[in-house]
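Asker: One structure is given below, represented as structure tokens, and several questions about it will come after.
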Amino acid sequence: MPASYAYLGPEGTFTEVALRTLPEAATRELIPYVSVQSALDAVRAGEAEAAFVPIENSVEGGITTTLDELVAGAPLMIYREVLLSITFALLVRPGTELSDIKTVSAHPAAQPQVRNWLKKHLPDAHWESAASNADAARLVQEGQYDAAFAGEFAAARYGLEALETGIHDAENAQTRFVLVGRPARPAAPTGADKTSIVLWQRDDHPGGLRDLLGEFATRGINLMLLQSRPTGAGIGNYCFCIDAEGHISDRRVADALMGLKRICLQVRYLGSYPRADVRPGDVQPPRLGTSDDEFMSAADWVAQCQDGRF
């Protein structure tokens, strides 16, 4: 396998900045790709060891392009996550004034994060989506658009100037990025982990979603992301992307996954990996009756009953 990481490019994206916070990134060739799909396909084709892509932001929620790519196609697995605080700069060609700006561009996920600023300062500017914020900066450099919302660090890379900085509609906005590779044995649990899965119901019926969520609730497992995505099989047909606290080696998580496997049409395991938002010592202990020791004690008791040793 080539010692390289694919990432959503071009150079100068928030994705690249987040990727470079991983210690192992210093020992890999970092290769920009034009889209999330092409970066993930590079992993599937064996052209890259892993891909680093955005998956969620605190303003708009899940990045649907990434979620849909993980739902469909050959299975992939999440190994790491990174949280990055996001603030935008308005990048323009040198000499451009605010009154000159008629068109602006950025990644679609950026629009909800700058919508109010745009309405206040550039209410008549026409928005055009780009493959990434850095690609929007490149298009401004080429003269296709007047301005781009991107990281201030991208200005020098594309010969632009930051006309405005510190742009954000929501304080403390963050984007979550994930390192995705081919399926393999997950890393050992750290005590502060997250497990990601995709669920497909067998049929549409009253209380169907409640049945799925009940597998987590009865085992004291907190959910951190729940997002429905259309399956493409028609109106009303959805699968559910879920992030749950815990690791697949935790008895309560493994038991929940077994329960879901019994009642779901399909379950796709996307990995168990360390959380980026909390340290192991800060994780709340499992709810009464859901610790590994309590699961093992209950299993031993059932075995004793089966053997007539109660």
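Asker: Pick out the one residue from His126, His107 that is loosely packed, with under 14 Cβ neighbours inside 10 Å and touching a residue at least 12 places away in the same chain (Cβ under 8 Å).
Answerer: His126
Asker: State the number of residues belonging to the stretch 269-310 that are open to solvent by 50 Å² or more (accessible area, probe 1.4 Å), among the polar types (S, T, N, Q) and modelled with pLDDT of 90 or more.
Answerer: 3
Asker: Of everything in the stretch 236-268 that's open to solvent by 50 Å² or more (accessible area, probe 1.4 Å) and under 13 Å from Trp200 (Cβ atoms), which residue is farthest from the chain's Cα centre (by Cα)?
Answerer: It comes out as Ile263.
Asker: Condition check: acidic (Asp, Glu) and either on the phi > 0 side of the Ramachandran plot or open to solvent by less than 40 Å² (accessible area, probe 1.4 Å) (or both). Does Asp146 satisfy that?
Answerer: The answer is yes for Asp146.
Asker: Return the residues of the stretch 73-117 that are part of a helix (DSSP H, G or I) and within 19 Å of Gly151 (Cβ to Cβ); say none if nothing qualifies.
Answerer: If the condition is that a residue be part of a helix (DSSP H, G or I) and within 19 Å of Gly151 (Cβ to Cβ), then Pro108, Ala109, Ala110, Gln111, Pro112, Gln113, Val114, Arg115, Trp117 are the ones that fit.
Asker: Out of the residues in the stretch 210-245 that are among the small types (Gly, Ala, Ser) and touching a Ser or Thr at 6+ places or on another chain (Cβ under 6 Å), state the one that is farthest from Glu60 (Cα to Cα).
Answerer: First pass over the stretch 210-245, keeping only residues among the small types (Gly, Ala, Ser): 214, 217, 220, 228, 232-234, 236, 244.
Still in the list and also touching a Ser or Thr at 6+ places or on another chain (Cβ under 6 Å): 220, 244.
On the way: Gly220: 27, Ala244: 19 Å.
Within the stretch 210-245, the match that is farthest from Glu60 (Cα to Cα) is Gly220.
Asker: Lys102 passes all but one of (1) out of contact with any Gly (no Cβ under 9 Å at 6 or more places or on another chain); (2) basic (Lys, Arg); (3) touching a residue at least 60 places away in the same chain (Cβ under 8 Å); which number fails?
Answerer: The failed condition is (3).
Asker: Can you tell me which residue is surrounded by the most Cβ atoms within 10 Å (Cβ to Cβ) among those in the stretch 26-35 that are closer than 18 Å to Ala109 by Cα and modelled with pLDDT under 95?
Answerer: Ser35
Asker: Collect the residues in the stretch 1-29 that are outside any loop (DSSP other than H, G, I, E, B) and closer than 18 Å to Ile78 by Cα, keeping them in residue-number order.
Answerer: Scanning the stretch 1-29 gives Ser4, Tyr5, Ala6, Tyr7, Leu8, Thr15, Glu16, Ala18, Leu19, Pro23, Glu24, Ala25.
Asker: Tally up the residues in the stretch 42-72 that are in a helix (DSSP H, G or I) and either modelled with pLDDT under 90 or closer than 18 Å to Asp243 by Cβ (or both), please.
Answerer: Summing the residues that are in a helix (DSSP H, G or I) and either modelled with pLDDT under 90 or closer than 18 Å to Asp243 by Cβ (or both) in the stretch 42-72 gives 8.
The values are calculated or read from the model by the stated rules, or taken from the named source; none is laboratory data. These numbers come from a predicted model, not from an experiment. All Cβ positions, even for glycine, are placed from backbone atoms using ideal geometry, and neighbour counts span all protein chains on display. Just so you know, the surface numbers come from the protein's heavy atoms only, side chains and all, with ligands and any DNA or RNA stripped out. Shrake-Rupley method; radii C 1.70, N 1.55, O 1.52, S 1.80 Å.
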